[in-house]
Amino acid sequence: MQRSRSWGLLSLAAALSFQSAIAETTPAPASPPTAAVAPADDLRSQAVEAAIWGMPIVSVDAMREAYFRDAGARYNDIVYWSHPADWRNQTTTPNSTSLYVYFNFNLKDGPVAVDIPPAGDIGIFGSILDAWQAPRADIGKDGEDHGKGGRYLLLPPGFDGAVPADVIPVRVPTNNGYALFRMTPKTLSQADVEKANAVIRKLRVANLSATPVAAPQRFIKMDGKLFDGIVRFDDTFFQRLARMVSEEPPSPRDADTYARLRAFGIEPGKAFSPDPATRALLRTAAEEARSSFRQMLVTGSRPWWPGSQWGTSSAGIAGAKTAFTFYDGQRLDTKMRGAAFFLAYALPRKLGKATFYLTAWRDVQGQLLDGSGHYRLRVPPHVPAREFWAINVYDSETAAFLRRTPRIGLDSLDHGLQHNADGSVDIYFGPQPPKGKAANWVYTEPGKQWFASFRLYGPEPELFDKTWSLDDIVRE
């Protein structure tokens, strides 16, 4: 059975985009003019806004640090997982079905060439993104190469040189950026997985300024190794923001934000060394920003079925309208952008329709999912997925896999799953499996809240016409 493509958790917006029109997000009402605001509170609120604004670029810096530190990589090295990753892939809402390929690039020394091989019968897809995580090009069947492969030439800010006719030019407005590709074999047999890895080994990334006899492409396998690219909302948050602000050309659109950042000692070309009082204020602001992202995702989920706890992300819906730039030509929606890149990364310019994802943050009673509790999800028979369905659990504080979990999820391709007489499947969540149910169990960590993602690969009409529905998660 061939596994379908997966863009990441927010790709659920693809299906919504052709199901119904979604109303534009309404800005929060302004404070009453009579409400006096103390200067310290005003500074704190400005710092919170700065953290929300900076979330995408801070996430890029955290992933880049993992690339350098955990993988021991240099710019243009290809970091990859030769099999579906376990919890050690600490990025935001990765799937557990594809082989991930990741690299960072820097354009200060000129254009970078990315050579993509033909996909053949391997699902190869992904995106090339700038430092603000705006996708600049997609690759693979739905990308600019249409699955035939080709050379993508990444052009730095202000590039005005000649561009060869036989390349796919990609103009990048920032010095830094990254790419994430997903390779999906037909099956998880050893032969098919090796075919996917053979395609990975044909990838090439190099600066055009490299010598004629360039060094061989470096590949770094991350199987069984920690890759910790998760943002911490502590002192490091604004340190990362200050570093990236210094490395990247400012956008005229963000001039007011750059002016406000100077109040906190963040200015291009200057060392960031806040005094203790400012450091404490910024630490509080970073935590408030994280809380706002989580609150927006929990309360902003749109129920897929009336009254259901399974829903779709309003941040994903908003992003899909603007190719995940969150800029409509007049207004930059920093709140939705921040929430989106707290939840996910490597979002595409163009969304496919081969997958559909639902998320649940609460049980059937409307209570947030608690890692100390024991829960059951009944997946009804005849799931409208041509290929397979899958479910994963994530830490609601980080949107990453729970650390040190023995099992990050389950899918219908698992021959060990126990089925009920009517064809339904009961999935159990908790710190320990119920007696005799270990094959259908996913671990949750005591003391941590979590959320679930239910993925349908090759979704069928019964999902969209709502004649099939997924039960809510029940606490036992």
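The values are calculated or read from the model by the stated rules, or taken from the named source; none is laboratory data. Note that the coordinates shown come from a computational prediction; the quantities given were computed from them, not determined experimentally. Using ideal geometry, Cβ is built from the backbone for each residue, glycine included, and neighbour counts are taken over all protein chains shown. Just the protein is used for accessible areas: all its heavy atoms, side chains included, with ligands, DNA and RNA removed. Shrake-Rupley method; radii C 1.70, N 1.55, O 1.52, S 1.80 Å.
With a 1.4 Å probe and all protein chains kept in place, how much accessible area does Lys221 have, in Å² rounded to the nearest 10?
100
Heavy atoms of the protein only, probe of 1.4 Å, neighbouring chains included. What is the accessible area of Lys353 in Å², nearest 10?
Near enough 140 Å² of accessible area.
Give the cross-link partners of Lys270 among the lysines, using a straight C-alpha distance below 24 Å as the criterion and excluding same-chain residues fewer than 8 apart.
Lys108
Around Phe125, which amide H atoms from residues at least 5 apart in sequence, or from another chain, sit under 5 Å from its own amide H, with H modelled in the peptide plane?
Counting only residues 5 or more places away or on other chains, the set is Arg182.
Using a 1.4 angstrom probe, figure out how much accessible area the chain has per residue, in square angstrom, rounded to the nearest whole. The partial results should precede the final answer.
Values: 19710 Å² over 476 residues.
I get 41 Å² per residue for this part.
Using a simple spin-label model with points 7 Å from Cα along the Cα→Cβ vector, what separation in nm is obtained for Thr187 and Lys350?
Result for the modelled spin labels: 3.2 nm.
Report, to the nearest whole %, how much of the accessible area of the chain belongs to carbon and sulfur atoms, 1.4 Å probe, protein only. Could the numbers behind the result be given before it?
Details: 10170 of 19710 Å².
Ligands and nucleic acids excluded, carbon and sulfur reach 52 percent.
Please report, ordered by residue number, every helix of the chain (full DSSP H runs) that is 18 Å or longer along its axis going by C-alpha atoms and whose mean Kyte-Doolittle hydropathy reaches 1.6.
Sorted by number, there is nothing, because no helix extends far enough and scores high enough.
Largest first, what is the accessible-area ranking of Ser209, Ser189 with a 1.4 Å probe? Don't jump to the answer; show the numbers that get you there.
Details: Ser209 80, Ser189 50 Å².
If we order Ser209, Ser189 from most to least accessible, we get Ser209, Ser189.
Taking the structure as given and computing semi-axes √(5λ) of the Cα gyration tensor in Å, which label from (1) 34, 30, 21; (2) 41, 32, 21; (3) 40, 29, 25 fits?
Working out semi-axes √(5λ) of the Cα gyration tensor in Å from the coordinates points to (1).
How big is D, in µm² s⁻¹, for the stretch 279-405 by Stokes-Einstein at 4 °C and 1.567 mPa s if Rh is the Kirkwood radius over C-alpha pairs? Please list the in-between numbers first.
On the way: Rh = 16.7 Å.
Stokes-Einstein gives a translational diffusion coefficient of 78 µm²/s.
Let me know the shape class of the stretch 39-114, please: from the alpha-carbon gyration tensor, a ≥ b ≥ c as square roots of the eigenvalues, rounded when a/c is under 1.5, otherwise prolate if a/b is greater than b/c, or oblate.
Values: a/c = 3.04, a/b = 1.61, b/c = 1.89.
Verdict is oblate for the stretch 39-114.
For the stretch 365-434, count all C-alpha to C-alpha pairs, find those more than 19 Å apart, and express that count as a whole percent of the total. Walk me through the numbers before you get to the answer.
Details: 965 of 2415 pairs.
Percent of Cα pairs beyond 19 Å in the stretch 365-434: 40.
Over what distance in Å are the Cα centres of the stretch 339-396 and the stretch 271-328 separated?
Answer, in whole Å: 18.
For Lys448, which lysines qualify as cross-link partners when the Cα separation must be under 26 Å and same-chain residues fewer than eight apart are set aside?
Lys225, Lys335, Lys435, Lys437
Straight-line reach from Lys353: which lysines have Cα under 23 Å away, leaving out those fewer than 8 places along the same chain?
Those lysines meeting the cut-off are Lys141, Lys148, Lys186, Lys321, Lys466.
Calculate, for Ala277 and Gln432, the FRET efficiency according to 1/(1 + (r/R0)^6) with r their C-beta to C-beta distance and R0 56 Å; round to the nearest 0.05.
0.75
Relative to 2.2 N^0.38 Å, what does the C-alpha radius of gyration of the stretch 317-362 come to as a ratio? Two decimals please.
Working: Rg = 11.6 Å, N = 46, 2.2 N^0.38 = 9.4 Å.
For the stretch 317-362, the normalised Cα radius of gyration is 1.23.
Any chance you could run the full-extension gain for Ser469 through Lys202? It's 0.36 nm times the residue separation minus the Cα-Cα distance, nm to one decimal. Intermediate results must be reported in sequence, preceding the final value.
Numbers: separation 267, 0.36 × 267 = 96.12 nm, distance 4.21 nm.
Answer, rounded to one decimal: 91.9 nm.
Under a plain spin-label model, where a point goes 7 Å from the Cα along Cα-to-Cβ, how far apart in nm are Ser209 and His382?
For Ser209 paired with His382, the spin-label model returns 6.3 nm.
Given points 7 Å out from each Cα along the Cα-Cβ axis, report the Glu397 to Asp328 separation in nanometres with one decimal.
It works out to 3.6 nm between the two label points.
Considering amide H positions built from the backbone, and no H for Pro or chain starts, which residues 5 or more places from Phe388, or on another chain, come under 5 Å of its amide H?
When sequence neighbours closer than 5 places are left aside, the close amide H contacts are Tyr457.
Would you please classify the overall shape of the stretch 242-316 from the alpha carbon gyration tensor, given that a ≥ b ≥ c denote the square roots of the eigenvalues, rounded means a/c under 1.5, and beyond that prolate means a/b larger than b/c while oblate covers the rest?
Working: a/c = 4.07, a/b = 2.11, b/c = 1.93.
Prolate shape, in that a/c is at least 1.5 and a/b is the bigger ratio.
Show me 149-156, 224-231 ranked by packing, highest mean number of other Cβ atoms within 10 Å first. Don't jump to the answer; show the numbers that get you there.
Values: 149-156: 20.2, 224-231: 17.9.
My ranking of the peptides, most packed first, is 149-156, 224-231.
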